[in-house]
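The values are calculated or read from the model by the stated rules, or taken from the named source; none is laboratory data. Quick caveat: nothing in here was measured; it's all calculated off a predicted structure. Virtual Cβ from ideal backbone geometry, glycine too; neighbours counted across all protein chains shown. Note: accessible area is taken over every heavy atom of the protein model, side chains too, but ligands, DNA and RNA are not part of it. Shrake-Rupley method; radii C 1.70, N 1.55, O 1.52, S 1.80 Å.
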Amino acid sequence: MEQRNDGINRAKWWQIAGLAVNDVGTNTYMWMMIFISYYLNGIVGVGVVLASSLATIMRLWDGVTDPIIGVILDKTNGKFGKNRPFLVIGQAIMLVMSACMFFVTPKFPKVAQFILFVIFYAVYIIGYTCQCVVTKSAQTCLTSDQKQRPTFGIYSGILSSLFFTLAPLYSYTYLLGKHGYQFDMGYFAEMWRFGAIMSLVCTIIAYLAIRGKDKPEFYGTGKNSEEPIRLKDYWEVLKHNKALQMLVISASTDKLGRQMNGNATVAIILYAIICGNAAAAGLVGTYTIIPGIIMLFFGIGIFTRKFGQKNGFTYASYGAGIMLIALIALFIFGDPTKLSLPGDGIFTGWNGFSLLFVILMVLFSGFQNIAGSLVYPMTADCTDYEVYRSGKYVPGLIGTLFSFIDKLISSLAPLLVGVLCALVSSSSELPTAETPYSTGLAVVGIISMFGVLLIGYICNIIAMHFYPLDKKMMDSIAEDIARIKRESQTPVAK
């Protein structure tokens with residue numbers, strides 16, 4: 001169903017699911033880039049802190065490109081729509097520039113490799129920004145139905161769960177093992193070929209999903225012409241859109257924690273060095289995925305659809321925070337060296353630590369998936385709120401302003417990990433599976449894997465106390481926008 005007589009914009013299920021696939025397309029490249037520090041350190045020959053600093057600088061550059069791309073998207077309204085051109089351009093840039101980063105850079109003399117890599121990486125970021133903005137922007141075109149919009153979170157959450165279960169399994173358990181637990185050129189070449197094809201397929205699916213909705217009649221108030229957007233409007237939106245302010249605080253602190261939690265170095269420290277079981281890093285997701293999806297269906301499909309996205313996000317943050325406290329306590333008071341899971345090659349039977357770890361990770365992952373999957377639909381709510389508040393339909397502006405601040409804060413993750421490792425180790429190289437255990441590295445691993453995330457969820461709970469868009473408010477906004485659309489499409493009597 002697309003439209004009823006009430007004027008509320010609705011989409012078919014496959015259109016919502018298809019747009020969620022775009023997130024997998026961009027996450028595929030994002031996942032490859034978390035190994036960049038190892039590529040620079042091992043292939044290009046750059047020091048640990050400089051390699052980690054580059055990742056931080058480029059994420060800041062990623063944030064700088066966001067408002068520019070957002071303004072361009074809001075001004076775009078050609079025969080190919082508002083969003084589709086950015087899918088195509090973004091994918092093309094990422095494909096070409098990532099290939100140059102991994103395959104062209106090593107062909108040049110050592111003195112030129114780092115400079116060339118930085119140039120390729122900087123252009124790649126522009127493509128990444130172009131494609132990422134569509135995930136947020138196109139949601140407002142697909143549906144404004146407050147019972148239907150959260151379903152994007154279900155599809156996105158399921159796909160995200162599958163991706164972040166299979167990606168570590170592929171990267172750590174299969175691919176790293178295949179290459180002798182060395183991040184060599186063969187590792188990066190094989191990872192790129194697989195990832196590039198996967199991202200391209202996902203982009204084609206997303207393009208087909210939004211094609212029927214990427215039209216002026218589904219934008220904002222349904223008018224063919226919208227008020228021109230300027231860069232200074234970013235400040236006006238951030239200053240007056242309280243919902244966006246609170247969501248930015250919530251999601252950016254979460255993102256910093258998730259970036260550190262998902263950092264390849266942190267995974268090596270926790271599983272290979274603290275637990276002495278590197279293979280476990282790729283297996284944890286296989287135990288959390290099915291229960292996580294079940295929790296996602298209940299958390300979003302039932303609770304959030306009934307009580308609103310604000311309540312769903314808040315209670316999921318409470319749940320995730322409690323599980324993180326329990327995990328930290330388990331690693332402090334338990335014996336991590338007993339961690340062993342079926343499939344790791346050394347499993348001989350369940351023990352107390354392994355069983356508790358799996359149970360807590362299942363519950364944590366479920367709550368984390370619920371909260372994380374609601375961020376994009378809540379961004380769309382902030383866009384509708386801006387239409388209601390100021391009459392401006394600015395999905396690119398809202399989405400990229402959100403991303404800019406998000407990336408500004410989360411960009412600190414690789415730098416923090418690199419600096420913390422340098423502070424507790426005399427080595428000039430990043431920790432590997434062969435690095436001996438030390439108390440300093442153990443502290444870095446636990447803080448980076450669990451502690452920073454815990455702070456993020458505490459920020460969520462505080463911010464949601466001031467977030468104005470509960471279910472009642474959003475139902476009122478959707479009805480108001482639908483009325484404006486009906487009026488704008490009604491011929492004026494002569």
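Brief remarks on what is shown
- A simple spin-label model places pseudo-atoms 7 Å from Cα toward Cβ; at Arg193 and Leu208 they are separated by 2.6 nm.
- Between region 304-356 and region 59-121, the Cα center-to-center distance that results, in Å: 37
- Accessible area per residue in Å² at 1.4 Å probe, computed on region 1-160: 34
- Peptides ranked, highest mean first, by Cβ atoms within 10 Å: ranges 154-160, 285-291: 154-160, 285-291
- 222 nm mean residue ellipticity, helices alone, for the chain (DSSP H n ≥ 4; -39,500 (n - 2.57); rounded to 500): -22000 deg cm²/dmol
- The angle between the Cα long axis of helix 412-424 and the main principal axis of the chain comes to about 20°, on a 0 to 90 degree scale.
- Table column - 3J(HN,Hα) (Hz), region 445-459, Karplus curve with 6.51, -1.76, 1.60, x for Gly and Pro: x, 5, 4, 5, 7, 10, x, 5, 4, 4, 4, x, 6, 5, 4
- Surface composition of region 274-384: carbon and sulfur atoms hold 71% of the protein heavy-atom accessible area at a 1.4 Å probe.
- Given charges at Cβ of Lys, Arg, Asp, Glu: the chain dipole, positive-most of Leu50, Pro395, Ala99: Pro395
- Whole-angstrom gap from region 373-430 to region 191-219, using each part's C-alpha centre: 22
- Probe 1.4 Å, accessible area per residue of region 382-469, Å²: 38
- Ligands, DNA and RNA are left out, and with a 1.4 angstrom probe the accessible area of region 321-370 is 46 Å² per residue.
- Mean projected area (nm²) of the alpha-carbon convex hull when region 388-466 is viewed from all directions: 7.7
- For the residue pairs Lys338/Lys407; Lys136/Lys471; Lys147/Lys242; Lys79/Lys255, the C-alpha atoms sit more than 26 angstrom apart in Lys338/Lys407; Lys79/Lys255.
- Packing order of peptides 361-372, 328-339, 472-483, highest average first: 361-372, 472-483, 328-339 (average count of other Cβ atoms within 10 Å over each peptide's residues).
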